[in-house]
There are 2 protein chains.
Amino acid sequence: MTANITPTDPGEKTLLERYNPDRFPRHSLAVDVAALSTFDGDLWALIIQRQSHPFREIMALPGGFIGLDESLGQAAARILDRETGLKNVFLEQLYTFGDPGRDPRTRIIAVAYYALIDWERMQHLKSQGHPMPLRLSVPWAGVSGGPVQILDQEGNLLPLAFDHAEILGMAVKRIRGKLDYVPIGFQLLPSCFSLRQLQEVHETILNQKLNKDSFRRRMLASGLLKATGELEEDVDHRPAELYRFTRKSAI
Amino acid sequence: MTANITPTDPGEKTLLERYNPDRFPRHSLAVDVAALSTFDGDLWALIIQRQSHPFREIMALPGGFIGLDESLGQAAARILDRETGLKNVFLEQLYTFGDPGRDPRTRIIAVAYYALIDWERMQHLKSQGHPMPLRLSVPWAGVSGGPVQILDQEGNLLPLAFDHAEILGMAVKRIRGKLDYVPIGFQLLPSCFSLRQLQEVHETILNQKLNKDSFRRRMLASGLLKATGELEEDVDHRPAELYRFTRKSAI
DNA sequence: AAAATAGTGTCTATGAGACACTATAGT
DNA sequence: ACTATAGTGTCTCATAGACACTATTTT
């Protein structure tokens, strides 16, 4: 559009140069990351123990403030890298939590992301310090949603800081719903896997047993799996063939 | 947790009182609303023509800055009310757009919401001035996603300001995906409607013809429709029975 | 009566679940 | 040989699509 300069319109260029962001309220913006994995029939989340107030010593999701020149996804990847040393992780925006009062310090809006990490990588976290995977307890079925709790090694419920139980719940709800039409299961497996492993991932996410025959047929008919010809090793029964995902569909 | 005060820990209360939000970068946060309706076999979106720079005179979604003490959903409802006078509208968070550079003034993060409004209400907007429904042209099938264009009365493509074509595209993708498992169709209809009207809404959203028999069976089997006993009027053929949605499932 | 759509009944094709059977590893 | 799981073939059942038919309004 032509920027005609008139007495009432000083022109776009001038206005942009004169623009004062402080004419409108400014907010603190953070990213929280729900990094999920599957193991032993349960979902696990990467949790840290807070070192400072508020919620000092309480369990929380990794998070941090968003820099002025990084995109939201970059901020999430940076924070996940800082906590785990992992790069190139499946990471997707989840929801933005902005209720006034969700943080007792001041109003902080959190753009939540979720990540899917296979258990093998989850075991080799760079910073062996605070972050650790903790088992989830999902107190609802299907995709009804709601907060999700975390358990310590003895199976005791641990409280979560801020609204992080809601964020985790939203992440579980999202991947349950998404699993029906997007093959995200392989994000939680090594690059080579058996159909049984894939089925166990699905069963863990959905928290329900699936029919073996029908699951095999669906997966093989999807055209997204490629047989490698290799076989499982070190199992005390007939070894299964290993498959790879053909990542033709953009994730 | 007991707030033990030690030489290295001044206590939670003190820290919260001393908290300085300016220790971290602060951002401009806005809400943009994609208000959708269906009519004449197409999706329509509520569009305004910008009165000021940047993108002066270009078409855009209604939006505004988020107040310091309102929730994100409240901000979206306030802005939709300001533009349309409509209250109690189906409104749901869509995605947060935060790429640096998406707004030429300064970095502005936009939490996008989408609304579903039945065509009847769309015709009686309070402020007869700027906001108007414009027809959408969706250049992709299914839920592949991508930007969506708007058409003027003559069917010419109009440019959209900022990343609003992407926001609209995300909204269309979302409702297409959601329609398969959540009955959102009735949000685009008056409270009483025929099965044919409902099918037309589905066909418009999905942009594909549906099988009449199977659609009827699915809808009636869902248990979400209640026959009213009333019939259509002023149609030049056998009148259809009218139904209501039983909103037992929380939307 | 003609036109147009509403609504019902039935056949068929497809896909999921169930089950039986064979195959192949370790012990 | 025994056990455990992999993998195949087949039957059944539920649901979607197709189609034929009847019903009810306006013109």
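The values are calculated or read from the model by the stated rules, or taken from the named source; none is laboratory data. All figures in this text were calculated on a predicted structure; none of them were measured in a lab. FYI the Cβ positions are ideal-geometry reconstructions off the backbone, even for glycines, and counts take in every protein chain you see.
Please identify the pairs in which a residue from the stretch B:4-26 that is at positive phi has its Cβ atom under 9 Å from the Cβ atom of a residue that is at pLDDT 75 or above, counting only partners at least 6 apart or on another chain.
B:Gly11/A:His53
Select from the stretch A:221-251 the residues that are farther than 18 Å from A:Ile175 by Cβ, without any contact (Cβ under 8 Å) to a residue 12 or more places away in the chain and aliphatic (A, V, I, L, M) and list them in ascending order.
A:Ala221, A:Leu231, A:Val235
Given the conditions (1) assigned to a helix (DSSP H, G or I); (2) farther than 30 Å from B:Ala30 by Cβ; (3) of a type outside the set (Gly, Ala, Ser), report the number of the one that B:Arg247 does not fulfil.
If we test B:Arg247 against (1) assigned to a helix (DSSP H, G or I); (2) farther than 30 Å from B:Ala30 by Cβ; (3) of a type outside the set (Gly, Ala, Ser), just (1) comes out false.
Quick test of your reading of the structure: A:Leu158 fulfils all but one of (1) surrounded by 16 or more Cβ atoms within 10 Å (Cβ to Cβ); (2) in contact with a Leu (Cβ under 9 Å, 6 or more places away or on another chain). Name the failing condition by number.
With (1) surrounded by 16 or more Cβ atoms within 10 Å (Cβ to Cβ); (2) in contact with a Leu (Cβ under 9 Å, 6 or more places away or on another chain) applied to A:Leu158, the lone miss is (1).
What are the residues in the stretch A:205-233 that are within 7 Å of DNA strand C (Cβ to nearest atom), more than 25 Å from B:Ser144 (Cα to Cα) and either among the basic types (Lys, Arg) or out of contact with any helix residue (DSSP H, G or I) (no Cβ under 6 Å at 6 or more places or on another chain) (or both), if any?
If the condition is that a residue be within 7 Å of DNA strand C (Cβ to nearest atom), more than 25 Å from B:Ser144 (Cα to Cα) and either among the basic types (Lys, Arg) or out of contact with any helix residue (DSSP H, G or I) (no Cβ under 6 Å at 6 or more places or on another chain) (or both), then A:Asn211, A:Asp213, A:Ser214, A:Leu231 are the ones that fit.
Listed residues B:Arg176, B:Arg105, B:Arg196; which is basic (Lys, Arg) and under 15 Å from the mean Cα position of the chain (by Cα)?
Answer to the selection: B:Arg176.
Among A:Arg121, A:Arg107, A:Arg135, which is among the basic types (Lys, Arg) and under 22 Å from A:Ser52 (Cβ atoms)?
On inspection, the qualifying residue turns out to be A:Arg107.
Can you tell me which residue in the stretch B:168-201 is surrounded by the fewest Cβ atoms within 10 Å (Cβ to Cβ), limited to those that are away from every other protein chain (no Cβ under 14 Å) and of a type in the set (Val, Ile, Thr)?
So, considering only residues that are away from every other protein chain (no Cβ under 14 Å) and of a type in the set (Val, Ile, Thr), the one surrounded by the fewest Cβ atoms within 10 Å (Cβ to Cβ) is B:Ile184.
Taking the criterion of being assigned to a strand (DSSP E or B), of a type outside the set (Gly, Ala, Ser) and more than 7 Å from chain B (Cβ to nearest Cβ), would at least one residue in the stretch A:100-111 satisfy it?
yes
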